[in-house]
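S.K.: After the C-alpha cells below, expect a handful of questions from me.
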Amino acid sequence: MKEVRARAEGRKIGESLIIQTAVRILVPFIQIFGLYVIVHGHYSPGGGFQGGVILGASFVLLALAYDLKFSLTHMSERVNLIFGNCGALIFVGTGVLTALFGGLFLDYSALDKLIPLGPIEWRSFGIFIVEVGVGLAVMSIMASLFWDLSSDGELDEGL
Amino acid sequence: MKALALVASLVTGAILLYGTMDFPAWGDPQSPAATHLATYFIENAVEETHVPNLVTAVLGDYRGYDTMFETVVIYCAGLAVISVLRRSRKP
C-alpha cells in the first residue's frame, strides 16, 4: 500500500496510462477527421472553421492528456505561428490576386487567366483554397490560445 | 435602484416579446427574408459555383468578404492573447 501511494505521489496530477494511450490512438484519427471536414466542405456540412477547430482540439487533447511540453513537441510554437500567418495570408492573398488579375476582390473566376480551368470551376476551387487558409489560421489560433491561457504565457507547465 | 433596474428590464423584455408577434411564421416562404436574395442563391448558386453545398457557396463565394474578416478577427484575437500573455523565453 505504501509503495502504491509513493508511486502515485511521484506522478504528475492527472497523468493516467489509460487516458494517454487512448489519446495517442485517437489523435491521428481526430486530425484526419479535421482534414476531412475541411476538404469535404463543398459536399457536406463543414468547412474551414469547423475543421480548423477539430485540428486545434487534437493538440489541446494532447496537452491535456500528457502535458504542454509534449504537445509542443508535436507542433512547435514557431511552426504554429507560421501556420497561422500563412492561413490568414492565403485568404487575403487570394483576394488580392483576384483583384490583380482584373476581377473584383475575392471574385475567384478572375483567376482563370492564371490557370485556365474555366471560371465556374475556379469559383469552386477558390472556395477550397480559402477554406484551407481559414482552417490553418483557426487551427493555429485555437492551439495557441490554449497554450497561452493554460500556462500564463510561459509555455512550460500548463494544465 | 435594483427594483428600478428590474422593472426596466422587464418592460424592455415585454416590448421585445410584443414585437415578435409581428414576425412572419417560422419558415414562411413569403417572409421578406426568404423573398429577397435567398431565392436567387437557391436557384443559381449551384450553376454559378459548382458547389453542391449552398452554405459553403454563400459563405465562401458570395459572402467571401465577410468570411475573410471573420478569419481576421480570430487571427487578431490570437495575436492579442500572444502579445499580452506570452513571455520571451530565457536563453
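Nothing in this text is a laboratory measurement; each read-out follows from the coordinates by a stated rule. Just so you know, these numbers come straight off a predicted model, no measurement behind them. Reconstructed Cβ throughout: ideal geometry from the backbone, glycine too, with neighbour counts over all protein chains shown.
S.K.: Cβ neighbours within 10 Å, averaged per peptide: list B:31-39, A:141-149, A:115-123 in order, most packed at the top. Working shown, then result.
M.R.: Numbers: B:31-39: 11.2, A:141-149: 22.8, A:115-123: 15.9.
The densest-packed peptide leads the list: A:141-149, A:115-123, B:31-39.
S.K.: Residues of A:121-129, mean number of Cβ from any other protein chain within 10 Å of their own Cβ, rounded to a whole number? Intermediate values should be presented prior to the final figure.
M.R.: On the way: counts 2, 2, 9, 9, 2, 4, 11, 3, 1.
For peptide A:121-129, the averaged partner shielding equals 5.
S.K.: Moving to a separate point now. Sort A:128-135, B:65-72, B:5-12, B:79-86 for me by packing, meaning the mean count of neighbouring Cβ atoms within 10 Å per residue, highest on top. Please report the intermediate quantities before stating the final value.
M.R.: Details: A:128-135: 24.6, B:65-72: 17.1, B:5-12: 9.9, B:79-86: 14.5.
Order by mean packing, descending: A:128-135, B:65-72, B:79-86, B:5-12.
S.K.: Further, regarding this structure: Gaussian network model of chain A, Cα springs within a sub-10 Å range: biggest mean-square fluctuation belongs to which of A:102, A:126, A:41?
M.R.: A:102
S.K.: Let me ask something else about it. Springs between alpha-carbon atoms under 10 Å, Gaussian network over chain A: tell me which of A:65, A:57, A:110 tops the mean-square fluctuations.
M.R.: Largest GNM mean-square fluctuation: A:110.
S.K.: Sticking with this one: Work the Kirkwood hydrodynamic radius out for chain A: mean of 1/r over every pair of different alpha-carbon atoms, inverted, in Å. Walk me through the numbers on the way to the answer.
M.R.: Values: mean 1/r = 0.0567 Å⁻¹.
17.6 Å is the Kirkwood radius here.
S.K.: Still on this structure: Using only alpha carbon pairs under 8 Å that are at least six residues apart, calculate the relative contact order of region A:66-134 and give it in whole percent.
M.R.: Values: 63 pairs, mean separation 18.6, N = 69.
After rounding, I find 27 percent.
S.K.: Let me ask something additional. Points 7 angstrom from Cα along the Cβ direction at residue A:96 and residue A:44: gap in nanometres?
M.R.: Calculated label separation equals 3.6 nm.
S.K.: Just the number: Rg to Rh for region A:89-143, Cα atoms, Kirkwood Rh, two decimals. If you can, show how the numbers build up before the last one.
M.R.: Working: Rg = 11.8 Å, Rh = 11.3 Å.
Value, to two decimals: 1.04.
S.K.: Are there DSSP H segments in chain A that both extend 30 Å or more along their axis (alpha-carbon positions) and score a mean Kyte-Doolittle hydropathy of at least 1.0? List them, or say none. Mind dumping the intermediate values first?
M.R.: Values: long enough: A:17-39 (34 Å, 2.05); A:77-100 (33 Å, 1.27); A:119-151 (48 Å, 1.16).
Long hydrophobic helices here: A:17-39, A:77-100, A:119-151.
S.K.: Let me ask something additional. Need one number: the % of Cα-Cα pairs in region B:31-91 sitting beyond the 13 Å mark.
M.R.: On the way: 1298 of 1830 pairs.
Tail of the P(r) past 13 Å holds 71 percent of the pairs.
S.K.: Which order do peptides B:13-19, A:84-90, B:41-47, A:30-36 fall in by mean Cβ count within 10 Å, highest first? Numbers along the way, then the final one.
M.R.: Numbers: B:13-19: 9.3, A:84-90: 20.0, B:41-47: 13.0, A:30-36: 16.4.
Per-residue mean Cβ counts within 10 Å order the peptides as A:84-90, A:30-36, B:41-47, B:13-19.
S.K.: Another one. Across peptide B:76-86, what mean number of C-beta atoms from other chains lies inside 10 Å of a residue's C-beta?
M.R.: Values: counts 2, 2, 13, 6, 1, 8, 9, 2, 2, 10, 9.
Other-chain Cβ atoms within 10 Å of each residue's Cβ, averaged: 6.
S.K.: Please compute, for peptide B:45-57, the average count of beta-carbon atoms on other protein chains lying within 10 Å of each residue's beta-carbon.
M.R.: Values: counts 1, 0, 1, 5, 10, 9, 9, 4, 9, 0, 4, 13, 4.
So the per-residue partner count for this stretch is 5.
S.K.: Would you mind calculating the relative contact order of region A:2-151 from Cα pairs under 8 angstrom and at least 6 residues apart, reporting the percent as a whole number? Working shown, then result.
M.R.: Numbers: 190 pairs, mean separation 40.2, N = 150.
Relative contact order here is 27 percent.
S.K.: Using DSSP H assignments, which helices in chain B have an axial alpha-carbon span of 24 Å or above and a mean Kyte-Doolittle hydropathy of -1.0 or higher? Each step should come with its number before you reach the end.
M.R.: Details: long enough: B:2-20 (27 Å, 1.63); B:64-85 (32 Å, 1.44).
Helix filter hits for chain B: B:2-20, B:64-85.
S.K.: Using the alpha-carbon centroid of each, what span in Å lies between region A:75-121 and region B:6-74?
M.R.: Their Cα centres are 26 Å away from one another.
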